Amino acid sequence: MTGAWSRILEKYGQRVTVCKEGQEEGVLCRAFLQPALERRGEGYQTLPTPLGLVRRDQWIYLGGPEVSLDGLGDGYVAWGGHRFSIRAAQPIYLGEELAYWWALLSVRDPEE
C-alpha cells in the first residue's frame, strides 16, 4: 500500500518544504495540502480581533512517511509562498508500517 501511496504523491502531490525550528533550509518532499472548509462552506476561516478579522485558514496535510512531522518544534511547512504552522500531527500506520503523516495546519502571519 505504501508503494501505491508514494506513486500517488509523486504524480499528484504538491512540492512542499518541511522546516525544523532553527533550521534555515528544510526538507523538500511531496504532500497533499487542502483547505479544511468550515461547515458553511466558506473558503476562509476568520477570527475577530479588535483590529478586524484575521485570516485563520486551516489546512489538511497528507504526506509520505519519509519526512517526519514529529519534533519540529516551532517549525513549519512552506508551500505556494505561504508558511503553515503545525497545529496537530499524527503518524498513520497500516499494520506495523508507517503509511503517511496526517496534520492540521494553520496559515502563519506574514511577519512570523
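Amide H contacts of Gly64: Arg30, Trp101, each under 5 Å away and 5 or more positions distant or on a separate chain (H built 1.01 Å from N in the peptide plane; Pro and chain starts excluded). Ranked by solvent-accessible area (1.4 Å probe, protein heavy atoms only, all chains present), the residues Phe84, Phe32 order from largest to smallest as Phe32, Phe84.
Ordering 87-94, 59-66 by mean Cβ neighbour count within 10 Å, with the highest value first, yields 59-66, 87-94.
Were the residues from Leu37 through Tyr12 laid out at 0.36 nm apart, the gain over their Cα-Cα distance would be 6.9 nm. A full extension of the chain between Trp102 and Glu21 corresponds to an added length of 27.2 nm, given 0.36 nm per residue minus the alpha carbon distance.
The values are calculated or read from the model by the stated rules, or taken from the named source; none is laboratory data. Being a predicted model, the structure only gives us computed values, none of them experimental. Backbone-built Cβ (ideal geometry, glycine too); neighbour counts: all protein chains shown. Protein only, heavy atoms only, side chains kept; ligands, DNA and RNA dropped before computing areas. Shrake-Rupley method; radii C 1.70, N 1.55, O 1.52, S 1.80 Å.
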